[in-house]
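The values are calculated or read from the model by the stated rules, or taken from the named source; none is laboratory data. Just so we're clear, the structure is a prediction, and the values are computed from it rather than from any experiment. No Cβ is skipped: glycine too gets one built from the backbone with ideal geometry, and neighbour counts run over all protein chains shown. Accessible surface areas use protein heavy atoms only, side chains included; no ligands, DNA or RNA. Shrake-Rupley method; radii C 1.70, N 1.55, O 1.52, S 1.80 Å.
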Amino acid sequence: MLIDEMDVSPVAEAATALRNILTRSPGRFATPEALAALESGWSASYESANSGEENIKVEDREALCSGLCQVLAALPSDQWVASLSALATPTIQCLEAALKKAEELVGKDAEQFLLLDRMADEIKLLSVMVRTFRSAAKKSESSDNDPNPALIAILHRAWPCLSQVSEKLGSY
């Protein structure tokens, strides 16, 4: 109850702090052990979001995503496609599941609007991912390598779902 009354939640503070730490020293977290821990945290944020409890708000996931992208950009460029794809997987899977459920709820506007909100959140996360990774990769020590193949890979994977959302639910 006390946490609900706070202006800024402890989760928001933690997500912002982690983003700041990762952004300031991304290379320190580009080890297999650190990456495994960060992946676990990213997965946990989706478990919370998918449970409906929403302990972790989309803004907090955006902060976490931003920090993770900084770390991924610090990896050798030959790891970018696989790493960014792993980061994008829960986002794309969530979009696909929400789209499927929204199609089943035709005519049930209240429930469909909740799913549309969730899809909008996931699309925002995807855009944060693309924007932050692109910017960080261009600044990284591997800046002579183009980050576009990694970005194109996740956009190519997400495009069918994004296209269906636009086509089938765009009028909402």
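Of note:
- Calculation over all alpha carbon pairs of the stretch 32-85 in 10 angstrom steps from 0 returns a P(r) of 22, 51, 23, 4 percent.
- Kirkwood Rh in Å, taken over all unlike Cα pairs in the chain: 16.9 Å
- Computed from point charges on the beta carbon alone (+1 for Lys and Arg, -1 for Asp and Glu), the dipole magnitude for the chain about its Cα centre is near 620 Debye.
- Val58 exposes around 20 Å² of accessible area when a 1.4 Å probe is run over every protein chain in place.
- Solvent exposure of the chain, expressed per residue, is 57 Å² of accessible area, with all protein chains present and a 1.4 angstrom probe.
- Solvent-accessible ranking of Phe113, Phe133, largest area first, probe 1.4 Å: Phe113, Phe133
- In the context of the full protein assembly, Leu169 retains an accessible surface of approximately 10 Å², using a probe radius of 1.4 Å and ignoring ligands and nucleic acids.
- Principal-axis tilt of helix 109-139 within the chain, Cα atoms, nearest 10 degrees: 10 degrees
- Whole-percent carbon and sulfur share, accessible surface of the chain, 1.4 Å: 54 percent
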